[in-house]
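The values are calculated or read from the model by the stated rules, or taken from the named source; none is laboratory data. A quick note: this is a predicted structure, and the numbers were derived from the prediction, not measured. A quick note on method: Cβ atoms are made from the backbone with ideal geometry, for glycine too, and the neighbour counts reach across all protein chains shown.
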Amino acid sequence: MIPMLRRNFLIGGALNRDRLDAAVGLIEQAVSKGDVSAASLHVHQGRFTLSRGFGRATSPEAVFLLASITKPMTVTGVMMLADRGALALSDPVHKFIPEFTGGDREMVTVRQLLTHTSGLPDMLPENAELRKRHAPLKDFVAGTCKTPLLFKPGTEVRYQSMGILLAAEITERVTRTPLRAFLRKELFEPLGMRRSSLGLGGRQIAETQLCQVSGNDDWNWNSPYWRDLGVPWGGAHSTAPEVARFLELFQKPDGRILKPETAARMITNQTPGLNQPWGLGWMVKPGTFGKNCSARTYGHYGSTGTVGWADPERQLTCVLLTTKPAAQSRDGLLGPVSDLASEAA
């Protein structure tokens with residue numbers, strides 16, 4: 001139990017100290033065993049904030065590769081354009097990307113890109129080959145415009161990073177601005193997210209936490225190529241406190257970035273009647289995050305070992321960033337810490 005944590009509890013007086021002590025203990029144990037090389041935890045409710053780094057992350061301001069927490073950031077950019085009347089969610093994708101034609105592609109709408117209902121695959125069949133040759137994002141876009149749809153658009157929810165890629169491409173064509181610059185000016189800077197960027201943002205990889213991946217492939221998560229490619233489905237870098245700031249944008253939107261009604265739409269189910277609920281960019285399926293989270297909780301996981309969620313009913317936000325891939329850390333760390341944070345409220 002660290003003194004600062006105890007002092008914060010006495011000031012806030014809302015969250016259960018034992019539950020958060022247990023969450024901190026789980027992370028400390030994983031780090032001390034060498035299971036996780038770095039982690040950062042940020043929990044916020046009302047006047048209470050716990051923000052702490054672990055292992056090689058000597059500060060809560062340590063920068064991590066977020067992976068798919070990037071997706072709702074990209075979608076927020078699209079929704080800003082919708083608020084401004086530059087596009088409508090009902091618009092067909094080929095209105096903005098004319099080469100996206102043939103078969104059922106003319107049926108795919110912007111909304112379906114944002115709700116994982118477009119029929120596009122998560123990754124292209126040639127994904128590994130593209131990465132091995134350090135292909136630019138335009139080659140991924142070209143491949144996505146040609147790849148067969150996996151199902152009729154709008155008939156089911158199936159996770160698809162390539163839909164988010166096309167949403168990003170639409171944003172760039174409408175704004176005539178690279179997505180990384182658009183997000184920096186229109187989202188990160190207004191929210192005070194000064195350490196957040198799509199791609200490396202001018203920093204060196206050594207200034208970030210390295211993902212625990214094996215091998216020396218020059219296209220893996222730690223490679224200069226991948227870290228600065230700025231993939232709109234998984235290439236953002238940020239800190240736990242800044243991810244929390246982004247999450248909290250949707251709890252009490254003030255209209256500076258998104259209209260309040262737009263922010264509300266993004267965190268509510270947009271796929272009623274389909275196989276699973278999904279918001280606009282956000283996971284909204286009850287039970288996805290902490291055990292005690294309300295049904296209104298929204299958030300996202302990232303394959304690099306990250307999770308961030310917010311419970312509007314309790315005004316509770318939790319972000320855990322780690323260097324251990326989610327496939328290995330979700331059940332043993334990301335999930336249990338989220339459970340404990342939700343039980344603390």
I'd like to check something: does segment 104-117 contain any residue that is basic (K, R) and more than 17 Å from S90 (Cα to Cα)?
no
Selection count where residues are β-branched (V, I, T), crowded, with 19+ Cβ neighbours inside 10 Å and assigned to a helix (DSSP H, G or I), scope segment 183-239
0
Looking only at residues in segment 279-290 that are surrounded by fewer than 21 Cβ atoms within 10 Å (Cβ to Cβ) and more than 25 Å from P60 (Cα to Cα), which one is nearest to the chain's Cα centre (by Cα)?
K285
Quick test for you: out of G154, G143, G163, pick the one residue that is under 21 Å from H94 (Cα atoms) and without any contact (Cβ under 8 Å) to a residue 40 or more places away in the chain.
G143
Report every pair of residues separated by at least 6 positions or lying on different chains whose Cβ atoms are under 6 Å apart, first residue within segment 18-35 and closer than 14 Å to G332 by Cβ and at pLDDT 95 or above, second of a type in the set (V, I, T) and buried (at least 18 other Cβ atoms within 10 Å of the Cβ).
A23/V337; L26/V337; A30/V36
T304 vs (1) surrounded by 23 or more Cβ atoms within 10 Å (Cβ to Cβ); (2) under 24 Å from A345 (Cβ atoms); (3) touching a strand residue (DSSP E or B) at 6+ places or on another chain (Cβ under 7 Å); (4) not aliphatic (A, V, I, L, M): all pass except (2)
Which fully enclosed helices (runs of 4 or more DSSP H) of segment 51-134 have 2 or more residues being under 29 Å from Y298 (Cα atoms)?
70-83, 110-114
If the Cβ limit is 7 Å and pairs must be 6+ apart or interchain, which residue in segment 75-97 that is closer than 16 Å to A168 by Cβ and of a type in the set (G, A, S) pairs with which residue that is at pLDDT 95 or above and surrounded by fewer than 14 Cβ atoms within 10 Å (Cβ to Cβ)?
A82/A88
Tell me, which residue of segment 311-337 that is in a loop (DSSP other than H, G, I, E, B) and at negative phi is surrounded by the fewest Cβ atoms within 10 Å (Cβ to Cβ)?
E313
